[in-house]
Amino acid sequence: MPETRTRRRGVELEKAILDAAWAELNDVGYARLTIESVAARAGTSKPVIYRRWPNRAELVLAAWGSRAPVRPPSPDTGSLRGDLVILFTKIARRVDGMMNEMIAGVMTETFRHPEVAALMRDRLVNAPFGKVVGTVLQRAVERGEHPPVELTHRAGRLPIDLIRNEALINGGSITDETIAELVDQVYLPLLRGLARD
């Protein structure tokens, strides 16, 4: 008697598609990835994928995004510097796990494919990461450790930008020493400057 296959739906189907897209990215890179190859790997059809993601770029960024939560929990060590070091470290470890040759390839493709670049910019600009930084900073204000600061959108996402820049320029894992330098020499002075303004 032939084995009947249960039809996947909802979250289970989306996970299968995103996993397949990630595997295809890893195997062939963005330039050679096709919706057809993802559908075959996921055991579904192209129309099913297109109903969820209207183009290859959106599928790729969704697959990438599924590998890392957008908003990590806010650390609470009892000191602003301690919280920032933990926050920067979490970002760095996530980047370490993501910044392999395949991801570098996807980043390279953003320069060749305007639709990917536009989606990437939108994702980076609208990421809710600043809320995590805002929570950490508000706790420091409530403890009397830091004066109130109006955290701009750009200042809120700066920890991610600093870590990403460090990873892209210097490659390899970001050391604890580098994280301490970014916190002590860049981010804490910035926050003090914003408080004065």
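The values are calculated or read from the model by the stated rules, or taken from the named source; none is laboratory data. Everything numeric in this text was worked out from a predicted model, so none of it was measured. A quick note on method: Cβ atoms are made from the backbone with ideal geometry, for glycine too, and the neighbour counts reach across all protein chains shown.
State yes or no: is residue 84 assigned by TED's automatic domain parsing to the domain that holds residue 19, surrounded by 14 or more Cβ atoms within 10 Å (Cβ to Cβ) and either modelled with pLDDT of 90 or more or under 18 Å from the mean Cα position of the chain (by Cα) (or both)?
Judged against the criteria, residue 84 is not a match.
Hey, any hits in the stretch 146-159 for a residue that's modelled with pLDDT under 90 and more than 19 Å from residue 196 (Cα to Cα)?
Checked the stretch 146-159: at least one residue is modelled with pLDDT under 90 and more than 19 Å from residue 196 (Cα to Cα).
Just to be sure I understand, how many residues within the stretch 149-170 are farther than 19 Å from residue 132 by Cα and under 17 Å from the mean Cα position of the chain (by Cα)?
As a first pass, look at the stretch 149-170 and keep what is farther than 19 Å from residue 132 by Cα: 165-170.
Now restrict to residues that are under 17 Å from the mean Cα position of the chain (by Cα): 165-168.
Residues meeting the conditions: 4.
Could you run through the stretch 42-58 and say how many residues are under 10 Å from residue 116 (Cα atoms) and either at pLDDT 90 or above or hydrophobic (A, V, I, L, M, F, W, C) (or both)?
Of the residues in the stretch 42-58, 1 are under 10 Å from residue 116 (Cα atoms) and either at pLDDT 90 or above or hydrophobic (A, V, I, L, M, F, W, C) (or both).
Could you go through the stretch 15-31 and let me know if any residue there is modelled with pLDDT under 95, in a loop (DSSP other than H, G, I, E, B) and not assigned by TED's automatic domain parsing to the domain that holds residue 132.
No; the residues of the stretch 15-31 include none that is modelled with pLDDT under 95, in a loop (DSSP other than H, G, I, E, B) and not assigned by TED's automatic domain parsing to the domain that holds residue 132.
Return yes or no: is residue 65 outside any loop (DSSP other than H, G, I, E, B), at pLDDT below 90 and on the phi > 0 side of the Ramachandran plot?
It is false that residue 65 is outside any loop (DSSP other than H, G, I, E, B), at pLDDT below 90 and on the phi > 0 side of the Ramachandran plot.
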